[in-house]
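Worksheet for the structure shown next.
The values are calculated or read from the model by the stated rules, or taken from the named source; none is laboratory data. Given the structure is predicted, the values throughout are model-derived calculations rather than measurements. Note that we place each Cβ from the backbone using ideal geometry, even for glycine, and neighbour counts take in every protein chain shown.
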Amino acid sequence: MRIAVIHNAVINKDSPDERDVLIQADSIGQALISLGHKVQTIACGLDLNDILSRIRKMDAEIVFNLVESLENRGRLIHLVPSLLDTMAIPYTGASAESMFMTSNKVLAKERMEQFDLPTPSWIGPYPKAHPYRNNFLSSENQSQCWIIKSVWEHASVGLDKNSIIKASDSQIISETLKNRVNQLGGSCFAERFIDGREFNLSLLSGPDGLLVLPVAEILFDGYGHEKHRIVDYRAKWDESSFEYHHTPRTFLFDKEDATLISHLKNLAVRCWEVFGLQGYARIDFRVDINGQPWILEVNANPCLSPDAGFAAGAKQAGISYREVVEQIVKAALGHFFKGLTESSPKRIKKYPDDSGPIHALNFRYEIEKKDCERVRRMLNNTGFFSSAEIRVAAELVGESFAKGLQSCYRFIMAEQYGRLAGFTCYGPTPCTEANYDLYWIAVHPDFQRQGLGQKLLKETEDLIKADGGKRLYVDTSQKPQYGGTRAFYESKGYRLEAVLDDFYRPGEGKAIYCKRLL
């Protein structure tokens, strides 16, 4: 396969946390080449058109996404997967939505709280901005220690011995946040500091489901009472520091920790589900003196360097680095082509950019949860359908999403850069052989009179023929406003088979058309 390994362009090559992505890209590229793939590495900046053209130029079949930031700004991490979504190309790791939600630590904590996942209380962020919900000091958490963190930046950026403060009122914390915001990527918050043990747990999509890799604990060797036990920037990146050499990880635990380890694994799986993670991830925990676990971060894009925690956890589980890379690629392809059936041999069909006025058009064959609202909104925009008709269409989408292959309704969703341009809904006619019904064909007003309806109808017919269908039936109204609809079907080879007078209501009959496909 042709695989593009993309990573953020490194601005400061003297910074070890930035250089690390180059190590990842090189190591993963070598692993992919050893697996027989053709690899090209692409460094990404803010010019998304450049990224798009370079991926297209190499005709990549899949992208291995290692982008951690753009122009050294972590809050832009989701832009590249968003771009890849519009290109309808498979990519590794989390979706754009999951990447955004987990990268913003405050939004992630709000979601954890919403789903009853234990996470330390917090104050902020600073500067305040909608839609965040700010927590404040209460009588229960006054005079406690707080750790000041960046909202967006990861890799322990900005964490040092001054990051932990003891505060008795909100004013002190607010001033601290204001003073440190420039060191922490322009947005920061205060999190209640959990004094205790630190763990991390890596997750990997496996051939038979989610693999929970062995739990690792970070030890703080030689840390006296005067030194806070945190994995700060020096511990991760400064090879000359005390912290770097005195924070080893271990996978060995006493029997007394068995219940705790099981609890951490369960929480990690819950995070995977709540945040809709894909491919691989790492969950970071602190455990207080009472044995209560607290989730610090959900990392949807953890470091994949050969000496990092993820690779160490895989090795502990007997999985080589090469196998990790291979499985991440397979997981990306498996997710992309999820729902593949014989009647729809490809989940997405791409039309070339030079296909006329409708360029960058994709046909998608798998219903997603968001499609129910998208279909309802699109049909309402046409101004052509009644509220009852729109409600029925949305119900069909909901049934298809809920039942999957067990549903009688099949959909083709036409999209341009992620926007719903039109759709068809069809299915086998019950209690017949080789007959199909076309229930819906609709095009957004912005895409009408450009040939999209014709493309959708032809694609529907082709899929039905591939499934052995011989006849396609379509019903429409006899009202004058449907004259264009009837003329469209007649121009495409459909023959009027019957008219049922007053079928819908007095004065509005139903016209039944049929086309023989084989």
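At a glance:
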| item | result |
| --- | --- |
| Any hit, segment 442-459, residues being in contact with a strand residue (DSSP E or B) (Cβ under 9 Å, 6 or more places away or on another chain) and in a strand (DSSP E or B) | yes |
| Residue satisfying condition, being outside any strand (DSSP E or B), modelled with pLDDT of 95 or more and touching a helix residue (DSSP H, G or I) at 6+ places or on another chain (Cβ under 9 Å), within set Phe285, Phe253 | Phe253 |
| Single unsatisfied condition, Ala60 versus (1) under 30 Å from Asp232 (Cα atoms); (2) touching a residue at least 12 places away in the same chain (Cβ under 8 Å) | (1) |
| Number of positions in segment 500-518 that are surrounded by 13 or more Cβ atoms within 10 Å (Cβ to Cβ) and either hydroxyl-bearing (Ser, Thr, Tyr) or assigned to a strand (DSSP E or B) (or both) | 10 |
| Verdict on Ala388 being assigned to a strand (DSSP E or B), in the same structural domain as Glu461 (by TED's automatic domain parsing) and either surrounded by fewer than 15 Cβ atoms within 10 Å (Cβ to Cβ) or touching a residue at least 12 places away in the same chain (Cβ under 8 Å) (or both) | no |
| Residues being under 13 Å from His335 (Cβ atoms) and surrounded by fewer than 19 Cβ atoms within 10 Å (Cβ to Cβ) - total across segment 57-88 | 1 |
| Residue in segment 402-412 that is charged (D, E, K, R), in a helix (DSSP H, G or I) and surrounded by 14 or more Cβ atoms within 10 Å (Cβ to Cβ) present | no |
| All positions within segment 87-106 that are part of a helix (DSSP H, G or I) and farther than 25 Å from Pro125 by Cα | Met87 |
| Any chance Glu490 is within 22 Å of Glu368 (Cβ to Cβ) and modelled with pLDDT of 90 or more | no |
| Qualifying residue in segment 5-24 (condition: over 24 Å from Lys236 (Cα atoms), out of contact with any Asp or Glu (no Cβ under 7 Å at 6 or more places or on another chain) and of a type outside the set (Gly, Ala, Ser)) | yes |
| In segment 504-518, the residues that are aromatic (Phe, Trp, Tyr) and at pLDDT 95 or above | Tyr513 |
| Single condition Ile33 does not satisfy, out of (1) modelled with pLDDT of 90 or more; (2) hydrophobic (A, V, I, L, M, F, W, C); (3) within 25 Å of Met87 (Cα to Cα); (4) buried (at least 16 other Cβ atoms within 10 Å of the Cβ) | (4) |
| Meets criteria (within 23 Å of Ala511 (Cβ to Cβ) and surrounded by 19 or more Cβ atoms within 10 Å (Cβ to Cβ)) for Leu396 | yes |
| Single unsatisfied condition, Leu46 versus (1) in a helix (DSSP H, G or I); (2) touching a strand residue (DSSP E or B) at 6+ places or on another chain (Cβ under 6 Å) | (1) |
| Test result for Lys346, modelled with pLDDT of 80 or more, charged (D, E, K, R) and part of a loop (DSSP other than H, G, I, E, B) | no |
